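Asker: What follows is a structure written as structure tokens; I'll ask about it next.
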Amino acid sequence: MALLAHTPPTLMCHGMSLPPHFIGPILILDDLKSEQMHIAALVVARGTQVPKALLTEQGPVEFEKSISFAQFSVWRARFSVSANRPAYYVWNDTRYDLACDLGDDMRLAYVSCNGEEHGDMDRDPQERNVMWNRLVQQHRNAPFSLLIQGGDQIYADEVTDNHPLSVGWPLDVPQDCSEQELAALFDTLREGFAERYVALYAQPDFAYLAARVPSLMQWDDHDICDGWGSLPDQATKSGIGQTLFAAARETALIFQHGCTDGDLPARFCDPSGTDLSWHVETDSLRLLAPDLRSQRSMTEIMGPTGWQFMEEMASAPAPQRTFFISSVPLLGPRLSWIERAMRRIPGIQKYEDDLRDQWQSRTHRAAWCRMLRLVQKMAAPPQAQITAVSGEIHLATRGEMQLSNDKMLHQLVASGITHRPPPKVWARILGTLAAFGEDPLPESPITIRPLPGQRHRYTTERNALTLVRTDGKWAAQWLLEHSGPTPPLSL
Ligand SMILES: [Fe+2]
């Protein structure tokens with residue numbers, strides 16, 4: 001444990017100055033069981049400082065799990081609150097209210113893509129965090145019960161620049177590194193990932209929400225590196241690739257899930273964490289998030305553990321509403337034409353891994369159909385409704401797929417919360433392409449549609465999504481950076 005002998009006045013992470021003592025609490029939903037919300041509270045402490053106990057309605061809870069990094073330690077306290085009435089806790093003389101009544105009317109927030117590939121840490125925080133600020137205002141008006149972070153919680157791409165062995169990633173990957181070299185690389189990368197999480201978790205608007213709304217997160221590629229899993233085996237399976245994945249995974253467990261290997265909370269399908277798929281549910285609501293990265297390869301989106309989990313979910317008794325959180329959109333336009341065209345245009349093959357990341361890639365056609373059939377099965381019971389929620393594309397859009405029993409599968413896409421959109425011309429090309437539709441299951445055509453109140457299929461504004469249940473009925477509303485909240489879409 002490398003602790004600072006003399007604490008400097010301000011901790012710096014990539015030019016961002018951080019609060020002098022503690023960052024947090026950051027709340028993570030461990031599980032929902034027996035009408036209780038089981039919550040992990042994380043606090044990042046500088047140097048040797050130890051956070052005070054967290055005071056809950058049941059009494060004090062000490063922070064006990066400490067994981068050390070060069071300049072800070074991460075502490076965790078686990079506690080439970082009733083899931084059918086509001087609750088609160090007190091930490092460091094501040095009271096934090098939780099809207100944890102999940103029984104009737106409730107509000108969920110969904111975000112994705114919290115960063116950018118290059119220079120994210122050097123952006124003007126005011127400009128960068130404008131949508132986080134909107135979510136804070138929303139929460140103050142009507143609080144959210146849960147915050148779903150659906151992928152790219154950090155953009156770690158530049159972390160590989162921190163070490164000579166990984167600086168050429170993923171194109172120039174040395175293949176003959178010693179164990180010692182890889183151990184040193186691991187330490188550097190682990191610090192790099194952790195610094196990024198801490199810098200983001202210290203942002204005031206994010207921190208405000210994270211202390212009051214438990215998060216549920218599922219990772220996507222940038223939480224590891226751009227295109228992880230869709231890159232050639234020569235990179236992914238090399239010692240350097242595996243070291244990069246190990247550092248990303250360890251820090252994702254700590255910062256996104258409040259745990260380490262060996263103490264994964266019960267919401268995960270695989271206690272070993274080889275696959276990080278999870279689900280939580282109440283009598284009337286299920287949140288289901290397959291892990292589309294841990295087992296991904298050039299030819300597979302998920303491994304046997306992930307598929308087994310999805311098969312079990314499709315056979316389990318279905319609650320009224322399932323939100324299926326697919327980090328990359330489950331419904332999308334026909335991408336095989338672009339993929340084919342790309343093979344013929346020299347110089348743009350580097351975008352191939354972006355396309356291969358998608359369910360709609362022609363390589364993954366069989367897996368896509370398998371997943372759509374599982375979703376159909378989940379929606380088969382008369383009372384069951386299922387909605388897909390995704391991020392990843394830095395645009396807002398929505399899709400529909402008619403299910404066999406007169407129900408509609410809605411696909412809601414909200415991305416990014418801080419990532420800026422691509423040029424409008426790209427969104428229009430995508431929109432034109434999407435007009436042709438797609439029907440991987442011949443009896444269930446997919447249609448991409450504009451958001452309520454928007455003309456074009458793809459909206460080029462930063463955004464977040466709210467999911468609201470009123471009198472038992474769910475509706476979705478996008479918060480758009482320039483256009484404001486959309487009219488609600490009934491689900
Ligand atoms: Fe992203």
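Asker: Can you find even one residue in the stretch 271-284 that is more than 22 Å from the chain's Cα centre (by Cα) and farther than 30 Å from THR188 by Cα?
Answerer: Within the stretch 271-284 (the criterion being more than 22 Å from the chain's Cα centre (by Cα) and farther than 30 Å from THR188 by Cα), the answer is yes, since at least one residue qualifies.
Asker: Restricting to the stretch 276-298, name every residue that is in contact with a His (Cβ under 8 Å, 6 or more places away or on another chain) and hydrophobic (A, V, I, L, M, F, W, C).
Answerer: Those that are in contact with a His (Cβ under 8 Å, 6 or more places away or on another chain) and hydrophobic (A, V, I, L, M, F, W, C): LEU276, LEU287, LEU288, ALA289.
Asker: Based on what the data block shows, is ARG455 away from the ligand (no atom under 16 Å from the Cβ), part of a helix (DSSP H, G or I) and free of Cβ contacts under 8 Å to residues at least 40 places away in the same chain?
Answerer: No: the conditions fail for ARG455.
Asker: Out of all the residues in the stretch 306-335, which are without any contact (Cβ under 8 Å) to a residue 60 or more places away in the chain and among the polar types (S, T, N, Q)?
Answerer: Within the stretch 306-335, GLN308 is the sole residue that qualifies.
Asker: Shifting gears a bit: Which members of the stretch 121-147 meet the condition of being among the hydrophobic types (A, V, I, L, M, F, W, C), in contact with a strand residue (DSSP E or B) (Cβ under 7 Å, 6 or more places away or on another chain) and either within 22 Å of GLN477 (Cα to Cα) or within 15 Å of the ligand (Cβ to nearest atom) (or both)?
Answerer: Selection gives MET131, LEU135, ALA142, PHE144, LEU146, LEU147.
Asker: Of all the helices (runs of 4 or more DSSP H) wholly in the stretch 201-301, which have at least 2 residues that are surrounded by 19 or more Cβ atoms within 10 Å (Cβ to Cβ), at pLDDT 95 or above and within 16 Å of the ligand (Cβ to nearest atom)?
Answerer: 239-257
Asker: Scan the stretch 362-410 for residues that are farther than 16 Å from ARG449 by Cα, touching an Asp or Glu at 6+ places or on another chain (Cβ under 9 Å), free of Cβ contacts under 8 Å to residues at least 60 places away in the same chain and outside any loop (DSSP other than H, G, I, E, B) and jot them down.
Answerer: Across the stretch 362-410, the qualifying residue is only ARG362.
Yes or no, residue by residue, for (1) polar (S, T, N, Q); (2) surrounded by fewer than 24 Cβ atoms within 10 Å (Cβ to Cβ):
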| position | (1), (2) |
| --- | --- |
| GLU392 | no, no |
| GLY416 | no, no |
| GLU438 | no, yes |
| LEU441 | no, yes |
| SER444 | yes, yes |
| PRO452 | no, yes |
| ARG462 | no, no |
| TRP478 | no, no |
| PRO487 | no, yes |
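Asker: So which of ARG428, ARG398 ends up being crowded, with 24+ Cβ neighbours inside 10 Å and more than 15 Å from the ligand (Cβ to nearest atom)?
Answerer: ARG398
Asker: What is the number of the single condition among (1) in contact (Cβ under 8 Å) with a residue 40 or more places away in the chain; (2) away from the ligand (no atom under 16 Å from the Cβ); (3) part of a loop (DSSP other than H, G, I, E, B) that LEU433 does not meet?
Answerer: (3)
Asker: Could you grab me the full set of residues in the stretch 148-175 that are outside any loop (DSSP other than H, G, I, E, B) and either within 16 Å of the ligand (Cβ to nearest atom) or in contact with a helix residue (DSSP H, G or I) (Cβ under 6 Å, 6 or more places away or on another chain) (or both)?
Answerer: ILE148, GLN149, ASP157, GLU158, VAL159, ASN162
Asker: Any idea how many residues of the stretch 343-366 are surrounded by fewer than 15 Cβ atoms within 10 Å (Cβ to Cβ) and modelled with pLDDT under 85?
Answerer: Looking only at that region, the number is 9.
Asker: If you scan the stretch 183-196, which residues turn out to be more than 16 Å from the ligand (Cβ to nearest atom) and under 16 Å from the mean Cα position of the chain (by Cα)?
Answerer: PHE193
Asker: Output the number of residues of the stretch 70-94 satisfying the condition of being farther than 15 Å from ILE28 by Cα, of a type in the set (A, V, I, L, M, F, W, C) and either in contact with a strand residue (DSSP E or B) (Cβ under 9 Å, 6 or more places away or on another chain) or assigned to a strand (DSSP E or B) (or both).
Answerer: Qualifying residue count for the region: 4.
Asker: Somewhere in the stretch 42-55, is a residue outside any loop (DSSP other than H, G, I, E, B) and farther than 22 Å from GLU195 by Cα?
Answerer: Yes: one or more hits.
Asker: Among the residues of the stretch 95-120 satisfying the criterion of being more than 16 Å from the ligand (Cβ to nearest atom) and not in a strand (DSSP E or B), which is surrounded by the most Cβ atoms within 10 Å (Cβ to Cβ)?
Answerer: CYS100
Asker: Within the stretch 161-183, does at least one residue satisfy the condition of being buried (at least 22 other Cβ atoms within 10 Å of the Cβ), in contact with a His (Cβ under 9 Å, 6 or more places away or on another chain) and in contact (Cβ under 8 Å) with a residue 24 or more places away in the chain?
Answerer: No, the stretch 161-183 contains no residue that is buried (at least 22 other Cβ atoms within 10 Å of the Cβ), in contact with a His (Cβ under 9 Å, 6 or more places away or on another chain) and in contact (Cβ under 8 Å) with a residue 24 or more places away in the chain.
The values are calculated or read from the model by the stated rules, or taken from the named source; none is laboratory data. What you are looking at is a predicted structure, and each value in this text was computed from that prediction instead of being measured. Cβ coordinates were reconstructed from backbone atoms using ideal geometry, including for glycine residues, and neighbour counts include every protein chain displayed.
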